[in-house]
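The values are calculated or read from the model by the stated rules, or taken from the named source; none is laboratory data. Keep in mind that this is a model prediction, so the values were computed, not measured. Neighbour counts are summed over all protein chains in view; Cβ atoms, including those assigned to glycine, are modelled from backbone coordinates with ideal geometry. Just so you know, the surface numbers come from the protein's heavy atoms only, side chains and all, with ligands and any DNA or RNA stripped out. Shrake-Rupley method; radii C 1.70, N 1.55, O 1.52, S 1.80 Å.
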Amino acid sequence: MQYDAILAETIGIRGHADDEIEAYTARPMDGGSRGGMIVIHHMPGYDAGTKEITRRFATMGYHAICPNLYTREAPGADPDDAAATARAQGGVPDERFVGDAAGAARWLRSLPSANGNVGAIGFCSGGRQAVLAGIEVDLQAAVDCYGAFVVGTPPEGFPLQVSPLADRIPELRAPLLGLFGNEDSYPSPDQVDELEKLLQENGKAYEFHRYDDAGHAFFSVDRPAYRVAAAVDGWEKISSFLARHLGS
């Protein structure tokens, strides 16, 4: 009988400015050297769906960690309340996110069975942050799931107020996997085209997949936007991409 178990728990890690922040982790208990994954939550926050995704990476054979990027806004608060506070402030400042992501990468590499390879995946606002992590943090893979405003600027009144990353694409260090819905508005198909052109012009390693009849949040199983075919194929693409770049 093959042993199959994961450990999932809440921990504290050191993030930006050496602040202690909350994080949810999941990792296999069967030993063996393996890569790590940083799961970057969407703007609705550090919620049950994101924790489920974190556990999924552990079942795929990776150490996984999801830092609570809203720890400082509303420590101990319900995810909806914390997200509302973060939205009112226009989202998480990029510098602070980078510090928290770097802390998550350090934690993953500190595990006795870590192989040193770390990737990041993000959804919605987290997709943009996954690209930013691929620029700023020592990563071996980055996965952008319909990240808004990697290119393009948020319209006035939009809850996420961030700067585009178009001029930083030449600095991208990690291979990038992008998964997008053709019915999405943020990012729109034209914005995905613009990002792909920038990656090509700068000689970056990337892989994009686009899905018809899918809009924003097509991975979210508990939302009307969920699209089974796109999500199933997307997970297959994620699995193959990480196996190549993280070595698990």
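Residues in the range 43-92 that are of a type in the set (D, E), at pLDDT below 95 and open to solvent by 50 Å² or more (accessible area, probe 1.4 Å): 3 in all.
I need a count of the residues in the range 35-59 that are of a type in the set (G, A, S) and outside any strand (DSSP E or B).
Qualifying residue count, the range 35-59: 4.
Close contacts from the range 218-231, counting a first residue that is open to solvent by 20 Å² or more (accessible area, probe 1.4 Å) and a second that is of a type in the set (S, T, N, Q), with Cβ to Cβ under 9 Å and a gap of 6+ residues or different chains, come to Y226/S220.
Report, by residue number, each residue of the range 2-18 that is of a type in the set (S, T, N, Q), modelled with pLDDT of 95 or more and in a loop (DSSP other than H, G, I, E, B). Spell out the reasoning first.
Going residue by residue through the range 2-18, those that are of a type in the set (S, T, N, Q) are 2, 10.
Pick out the ones that are also modelled with pLDDT of 95 or more and you get 10.
Those that are of a type in the set (S, T, N, Q), modelled with pLDDT of 95 or more and in a loop (DSSP other than H, G, I, E, B): none in the range 2-18.
Kindly indicate which of G32, G12 is over 21 Å from G126 (Cα atoms), of a type outside the set (A, V, I, L, M, F, W, C) and open to solvent by 40 Å² or more (accessible area, probe 1.4 Å). So the residue among G32, G12 that is over 21 Å from G126 (Cα atoms), of a type outside the set (A, V, I, L, M, F, W, C) and open to solvent by 40 Å² or more (accessible area, probe 1.4 Å) is G32.
Consider A23 carefully, then state whether it is part of a strand (DSSP E or B), without any contact (Cβ under 8 Å) to a residue 60 or more places away in the chain and either open to solvent by less than 20 Å² (accessible area, probe 1.4 Å) or at negative phi (or both). Answer is no for this residue. Looking at E183, is it surrounded by fewer than 19 Cβ atoms within 10 Å (Cβ to Cβ), among the acidic types (D, E) and not in a loop (DSSP other than H, G, I, E, B)? No: the conditions fail for E183.
The criterion of being closer than 17 Å to S125 by Cβ, in contact (Cβ under 8 Å) with a residue 24 or more places away in the chain and among the hydrophobic types (A, V, I, L, M, F, W, C) does not hold for L139.
Can you find, within the range 93-132, the residue that is most open to solvent (accessible area, probe 1.4 Å) among those that are over 30 Å from S240 (Cβ atoms) and touching a helix residue (DSSP H, G or I) at 6+ places or on another chain (Cβ under 8 Å)? So that I can check it myself, show each step before the final result.
Filtering the range 93-132 down to residues over 30 Å from S240 (Cβ atoms) leaves 93, 95-96, 99.
Still in the running and touching a helix residue (DSSP H, G or I) at 6+ places or on another chain (Cβ under 8 Å): 95-96, 99.
On the way: E95: 137, R96: 32, G99: 16 Å².
Here the residue is E95.
Would you call F149 among the aromatic types (F, W, Y) and either in contact (Cβ under 8 Å) with a residue 60 or more places away in the chain or out of contact with any helix residue (DSSP H, G or I) (no Cβ under 8 Å at 6 or more places or on another chain) (or both)? So F149 fails the test.
Total residues in the range 202-232 satisfying the condition of being of a type in the set (G, A, S), more than 18 Å from the chain's Cα centre (by Cα) and not in a loop (DSSP other than H, G, I, E, B): the figure is 1.
For beta carbons closer than 8 Å, sequence separation of 6+ or different chains, a first residue in the range 181-196 that is more than 12 Å from A214 (Cα to Cα) and a second that is modelled with pLDDT of 95 or more and open to solvent by 40 Å² or more (accessible area, probe 1.4 Å), the qualifying pairs are Y186/H216; V192/R210; E196/Y206.
Of the candidates G116, G32, the single residue that is on the phi > 0 side of the Ramachandran plot and not in a strand (DSSP E or B) is G32.
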